[in-house]
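Report on the structure given below.
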Amino acid sequence: MTTKIVIIDDHQLFREGVKRILDFENSFEVLAEGDDGSEAIELVEQNQPDVVIMDINMPRINGVEATRQLIDKYPDTRVIILSIHDDENYVTHALKSGASGYLLKEMDADALVEAVKVVADGGSYLHPRVTHNLVKEYRRLVAEQSGNGDQYIQHADIRRPLHLLTRRECEVLQLLADGKSNRGIGESLFISEKTVKNHVSNILQKMNVNDRTQAVVVAIKNGWVEVK
């Protein structure tokens, strides 16, 4: 099935670059483009896309507010926010507005394609570094609530899930929690990106989760990975 896409970004060159990447995928079709959040609802109404890729910083109506308005009117639309900010406050506001994905503009082409596929399939996708920052914040809050401060983070016992995953998959899961992309994981373990993708797919299936972010959150809650 074809995934129908609308792109909203006020930088034409960047928008054209995103479209060019998406056009290489036979299963993607970019239906329309806009340069401001105020156009988002109109373009969605006209084109009925599956996924909207939305810049966070735009004049008049920013991406977060445009996403909120869009989801209120068309709750089935999936939105991926594009941003230069990896701060958890930006991410939290974007997710609260109803966005299903959050990508940093430094992403590579593979990350963009993967994000669209995951989000179109009903999952959520966060840029690996964003995931890492959110996990650190989550761990910090848990530490505060437990009253153990930073010692909880530094000295928590790590129990690798060898009952569920292979040793290599445990290594990949740890690198996911470290905020590594597929390429970064491959470079760290001296394996190909294709092999990394296979390991990630196996991890998601075995952990019964939909995406990388959920896998990392579950791993943190169970003490399966270390947050550095």
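Considering only residues in region 1-17 that are surrounded by 20 or more Cβ atoms within 10 Å (Cβ to Cβ) and touching a residue at least 60 places away in the same chain (Cβ under 8 Å), the one that is nearest to ILE71 (Cα to Cα) turns out to be ILE5.
Residues being assigned to a helix (DSSP H, G or I), in contact with a Leu (Cβ under 7 Å, 6 or more places away or on another chain) and aliphatic (A, V, I, L, M): count how many of those fall in region 27-68. Show your work before the answer.
First pass over region 27-68, keeping only residues assigned to a helix (DSSP H, G or I): 37-47, 63-68.
Now restrict to residues that are in contact with a Leu (Cβ under 7 Å, 6 or more places away or on another chain): 40-41, 44, 47.
Now narrow it down to the ones that are aliphatic (A, V, I, L, M): 40-41, 44.
Of the residues in that region, 3 qualify.
How many residues does region 96-112 hold that are open to solvent by less than 20 Å² (accessible area, probe 1.4 Å) and either β-branched (Val, Ile, Thr) or part of a loop (DSSP other than H, G, I, E, B) (or both)? Here the count works out to 3. So, in region 122-166, of the ones that are at pLDDT 90 or above and not aliphatic (A, V, I, L, M), which residue ends up surrounded by the most Cβ atoms within 10 Å (Cβ to Cβ)? Ranking the qualifying residues of region 122-166, first place goes to PRO161. Filtering region 40-53 to residues that are among the charged types (D, E, K, R), modelled with pLDDT under 95 and surrounded by 20 or more Cβ atoms within 10 Å (Cβ to Cβ) leaves nothing.
Taking GLU169, is it at pLDDT 95 or above and either over 19 Å from GLU114 (Cα atoms) or not assigned by the TED database to the domain that holds ASP121 (or both)? Here the answer is yes, as GLU169 does meet what is asked. Does ASP36 satisfy the condition of being more than 21 Å from the chain's Cα centre (by Cα), open to solvent by 70 Å² or more (accessible area, probe 1.4 Å) and of a type outside the set (Ser, Thr, Tyr)? No: the conditions fail for ASP36.
If the requirement is being open to solvent by less than 30 Å² (accessible area, probe 1.4 Å) and at negative phi, which of these qualifies: ILE61, ILE56?
Numbers: ILE61 fails: open to solvent by less than 30 Å² (accessible area, probe 1.4 Å).
None of the other options fit; the residue is ILE56.
Only one of the listed residues (VAL216, VAL119, VAL225) is at pLDDT 90 or above and open to solvent by less than 10 Å² (accessible area, probe 1.4 Å). That residue is VAL119.
The number of residues in region 69-89 that are surrounded by 19 or more Cβ atoms within 10 Å (Cβ to Cβ) and not in a loop (DSSP other than H, G, I, E, B) comes to 7.
Go through region 75-86 and count every residue that is among the charged types (D, E, K, R) and over 14 Å from the mean Cα position of the chain (by Cα). If you could, list the steps in order and put the result at the bottom.
As a first pass, look at region 75-86 and keep what is among the charged types (D, E, K, R): 76, 78, 86.
Remaining after also requiring over 14 Å from the mean Cα position of the chain (by Cα): 76.
So the count comes out to 1.
Identify all residues within region 178-210 that are in a helix (DSSP H, G or I) and without any contact (Cβ under 8 Å) to a residue 24 or more places away in the chain; write none if there are none. Before you say what the answer is, go through the steps one by one.
First, the residues of region 178-210 that are in a helix (DSSP H, G or I): 182-189, 193-207.
Answer for region 178-210, where residues must be in a helix (DSSP H, G or I) and without any contact (Cβ under 8 Å) to a residue 24 or more places away in the chain: ILE185, GLY186, GLU187, SER188, LEU189, LYS194, THR195, LYS197, ASN198, SER201, LEU204, GLN205.
Return yes or no: is ARG20 within 23 Å of VAL118 (Cβ to Cβ), free of Cβ contacts under 8 Å to residues at least 60 places away in the same chain, open to solvent by 70 Å² or more (accessible area, probe 1.4 Å) and outside any strand (DSSP E or B)? In short, yes.
The values are calculated or read from the model by the stated rules, or taken from the named source; none is laboratory data. These numbers come from a predicted model, not from an experiment. Cβ sites come from the backbone with ideal geometry, for glycine too, and all protein chains shown count toward neighbours. Note: areas computed on protein heavy atoms with side chains; ligands, DNA, RNA excluded. Shrake-Rupley method; radii C 1.70, N 1.55, O 1.52, S 1.80 Å.
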